[in-house]
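Chemist: Right, I'll just put the structure down here and ask away after.
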Amino acid sequence: MRHFPLFRDIKGRRVVVSGGGEAAVAKLRLLLKTEATVVVYGVDAHPQIARWANERQLIHIARDIRHGDALCAALVYGANEDAAMDARAADIGHASGALVNIVDDLDNSDFITPAIVDRDPVTVAIGTEGAAPVLARRIKADTEERLSPTLGILARIGQGFRGAANALPHGRIRRRFWSRYYDEVGPRALTEGGEEAVLAALHTLVADMQSEGPEIGNVALIGAGPGDPELLTLKARKALHEADVVIYDRLVSPEILELARREAVVIEVGKIPNGPSWKQDDINALMIEHAGGGAHVARLKSGDPAVFGRLDEEMDALDAAGVPFTIIPGITAASAAAASIGVSWTRRGRNASFWLLTGHDVAGFAEHDWRALAKPGEAAAIYMGLRAARFLSGRLLMHGASAETPVTAIENVSRGDQKIVATTLDRLPIALTEGGITGPAILFLGLSPRAALAAADDIPEPVPATGGH
């Protein structure tokens, strides 16, 4: 992020614009919506500038900008559409201590002016670092459609009511009050009775919420999916946004954590193979502690919480402590991995069942029905299988599996650094090492990438087996 977004107070401050052509007019249309004192320097100014000056919306001085003209200015715009004149305006602005923007010149500007959606006092600013103005305009148009024209009215009324709303306890109750106001109570009252009805509805809402008992904390056990934030369900997004406390596994991606409120307490409870890890009992105690204090807790688990996520242990602990909870399923890594290599778990004529396996359990390498898995056409997704790869390969070959059985490893499923290695059962441990697969990864037994996807992604072809098994 090269440009840090912020809102600067320019009420009563001078904003200087150097230039009087079309570029200046475009900037002035935005600046005149502010409470700044706008001064324009330019010879032969655009007729629109003259009209604004006659209406006393701005001050127009019909000459080029000079040293001293930007004294006490908060902002200076160079809109001369002439490189030399704009450079001179920049020097004058900097000499006066102002921030300078040169229109269509990112490198010589101290700040940029974003695309703006105006619902005063609500303002949405959209910036693309100057890289894609067309994209910024598209986002602006989409946002304009989403935000009701009455939002500004509700915000102004709410702004004046903040003192009265402070009678409610700080934190979640007050946030819920404002959510109900903006989502339900305010729009309905404004439609039915205008601004006076909105104010009356606010007083009623405060009284109603004061009469409610203390809010009970709860835990949402959320499947965060394989990592791509676009694969997070809408229900999961809502629960994450509403959470006071977010407790997450180390495999949950940073992009998903960005969806939490800035005020939320965010705690990692990582479990690192062969490294420092949180004990499950400590994670359970942490959820119970925060929920017991009235917090809404989002317990984020990679993939789906019901697939090798120790969900039952956490539910049992919450039940024993009397803490209410909900389960929000997520897209498990195997589903996303199958999509990424263009295959389905089952296929008519190939397999009528699909196995979800773990490479490890509490006793070490996990034992399975190897003879059944070794049959031709069987397919399985193996979680936590990297360290067990040699064990898995040996067991299956020992029980009659073909050495040429396809195996595909998908690392960092759905993420930008996803990696795919396609191989055969007898070469599995070697191929994982050669392919640099270190995890987290899903192993697909009996499935190969779809040919078109394999070619597009330059996935190594499986090496034919040598020797007999």
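The values are calculated or read from the model by the stated rules, or taken from the named source; none is laboratory data. Computed from a predicted model, the values in this text were never measured in an experiment. No Cβ is skipped: glycine too gets one built from the backbone with ideal geometry, and neighbour counts run over all protein chains shown.
Chemist: Got a sec? Which of 362, 343 is over 20 Å from residue 227 (Cβ atoms) and either modelled with pLDDT of 95 or more or not charged (D, E, K, R) (or both)? Full working, then the answer.
Modeler: Details: 343 fails: over 20 Å from residue 227 (Cβ atoms).
On inspection, the qualifying residue turns out to be 362.
Chemist: Still on this model: Hey, residue 382 hits all of (1) touching a strand residue (DSSP E or B) at 6+ places or on another chain (Cβ under 8 Å); (2) more than 23 Å from residue 420 (Cα to Cα) but one; which does it fall short on?
Modeler: So residue 382 meets the others, but not (2).
Chemist: Search the stretch 234-250 for residues being surrounded by fewer than 20 Cβ atoms within 10 Å (Cβ to Cβ) and either modelled with pLDDT under 90 or among the charged types (D, E, K, R) (or both), and hand back the single one that is farthest from residue 331 (Cα to Cα).
Modeler: Result: 242.
Chemist: crowded, with 18+ Cβ neighbours inside 10 Å, at pLDDT 90 or above, more than 17 Å from the chain's Cα centre (by Cα) and not basic (Lys, Arg) - does that describe any residue in the stretch 225-233?
Modeler: The answer is no, given that none of the residues of the stretch 225-233 is crowded, with 18+ Cβ neighbours inside 10 Å, at pLDDT 90 or above, more than 17 Å from the chain's Cα centre (by Cα) and not basic (Lys, Arg).
Chemist: Hey, residue 416 hits all of (1) part of a loop (DSSP other than H, G, I, E, B); (2) small (Gly, Ala, Ser); (3) farther than 24 Å from residue 302 by Cα but one; which does it fall short on?
Modeler: (3)
Okay, residues lined up against (1) assigned to a helix (DSSP H, G or I); (2) among the aliphatic types (A, V, I, L, M); (3) exposed (fewer than 14 other Cβ atoms within 10 Å of the Cβ):
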| position | (1), (2), (3) |
| --- | --- |
| 3 | no, no, no |
| 9 | no, no, yes |
| 30 | yes, yes, yes |
| 53 | yes, yes, no |
| 56 | no, no, yes |
| 75 | no, yes, no |
| 81 | no, no, no |
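Chemist: Let me ask you something else. Within the stretch 192-206, is even one residue assigned to a helix (DSSP H, G or I), in contact with a strand residue (DSSP E or B) (Cβ under 9 Å, 6 or more places away or on another chain) and surrounded by 15 or more Cβ atoms within 10 Å (Cβ to Cβ)?
Modeler: At the first step, the residues of the stretch 192-206 found to be assigned to a helix (DSSP H, G or I) are 192-206.
Then drop every residue that is not in contact with a strand residue (DSSP E or B) (Cβ under 9 Å, 6 or more places away or on another chain), which leaves none.
The answer is no, given that none of the residues of the stretch 192-206 is assigned to a helix (DSSP H, G or I), in contact with a strand residue (DSSP E or B) (Cβ under 9 Å, 6 or more places away or on another chain) and surrounded by 15 or more Cβ atoms within 10 Å (Cβ to Cβ).
Chemist: Please verify whether residue 137 is touching a residue at least 12 places away in the same chain (Cβ under 8 Å), exposed (fewer than 14 other Cβ atoms within 10 Å of the Cβ) and outside the structural domain of residue 71 (by TED's automatic domain parsing), treating the condition exactly as stated.
Modeler: Values: touching a residue at least 12 places away in the same chain (Cβ under 8 Å): yes; exposed (fewer than 14 other Cβ atoms within 10 Å of the Cβ): yes; outside the structural domain of residue 71 (by TED's automatic domain parsing): yes.
Here the answer is yes, as residue 137 does meet what is asked.
Chemist: For residues that are of a type outside the set (Gly, Ala, Ser) and free of Cβ contacts under 8 Å to residues at least 40 places away in the same chain, tally how many sit in the stretch 282-323.
Modeler: Residues meeting the conditions: 11.
Chemist: Is there a residue in the stretch 168-190 that is closer than 21 Å to residue 152 by Cβ, among the β-branched types (Val, Ile, Thr) and in contact with a helix residue (DSSP H, G or I) (Cβ under 9 Å, 6 or more places away or on another chain)?
Modeler: Yes: the stretch 168-190 contains one or more residues that are closer than 21 Å to residue 152 by Cβ, among the β-branched types (Val, Ile, Thr) and in contact with a helix residue (DSSP H, G or I) (Cβ under 9 Å, 6 or more places away or on another chain).
Chemist: May I ask you to list pairs of residues, at least six apart or on different chains, whose Cβ atoms are under 6 Å apart, with the first in the stretch 1-27 being within 18 Å of residue 121 (Cα to Cα) and the second being not in a loop (DSSP other than H, G, I, E, B)?
Modeler: 10/74
Chemist: Yes or no: the stretch 134-145 includes at least one residue that is in a strand (DSSP E or B), within 22 Å of the chain's Cα centre (by Cα) and more than 30 Å from residue 203 (Cα to Cα).
Modeler: If we filter the stretch 134-145 for residues that are in a strand (DSSP E or B), which is where we start, we get none.
Checking the stretch 134-145: not a single residue is in a strand (DSSP E or B), within 22 Å of the chain's Cα centre (by Cα) and more than 30 Å from residue 203 (Cα to Cα).
Chemist: Would you please list the contacts, defined by Cβ atoms under 6 Å and residues six or more apart or on different chains, that run from a residue in the stretch 222-248 that is touching a residue at least 12 places away in the same chain (Cβ under 8 Å) to a residue that is surrounded by 23 or more Cβ atoms within 10 Å (Cβ to Cβ) and among the polar types (S, T, N, Q)?
Modeler: Note: pairs meeting the criteria are 224/302.
Chemist: Tally the residues that are surrounded by 13 or more Cβ atoms within 10 Å (Cβ to Cβ) and modelled with pLDDT of 90 or more, restricting the search to the stretch 253-263.
Modeler: Quick first cut of the stretch 253-263, residues surrounded by 13 or more Cβ atoms within 10 Å (Cβ to Cβ) only: 253, 255-257, 259-261.
Restricting the remaining residues to those that are modelled with pLDDT of 90 or more gives 253, 255-257, 259-260.
Final tally of qualifying residues: 6.
Chemist: So, one more: When the stretch 389-419 is examined, which residues are found to be within 30 Å of the chain's Cα centre (by Cα), surrounded by 23 or more Cβ atoms within 10 Å (Cβ to Cβ) and touching a residue at least 40 places away in the same chain (Cβ under 8 Å)?
Modeler: Scanning the stretch 389-419 gives 408, 410, 413.
Chemist: Limited to the stretch 94-115, what total is found for residues that are surrounded by fewer than 17 Cβ atoms within 10 Å (Cβ to Cβ), assigned to a strand (DSSP E or B) and at pLDDT below 90?
Modeler: Final tally of qualifying residues: 0.
Chemist: Of the residues in the stretch 122-170, how many are in contact with a strand residue (DSSP E or B) (Cβ under 7 Å, 6 or more places away or on another chain) and either under 13 Å from residue 199 (Cα atoms) or among the aliphatic types (A, V, I, L, M) (or both)?
Modeler: 8
Chemist: Considering each of 343, 323 in turn, give the residue that is in contact with a Leu (Cβ under 7 Å, 6 or more places away or on another chain) and in a loop (DSSP other than H, G, I, E, B). Walk me through it before giving the result.
Modeler: On the way: 323 fails: in contact with a Leu (Cβ under 7 Å, 6 or more places away or on another chain).
The unique qualifying residue is 343.
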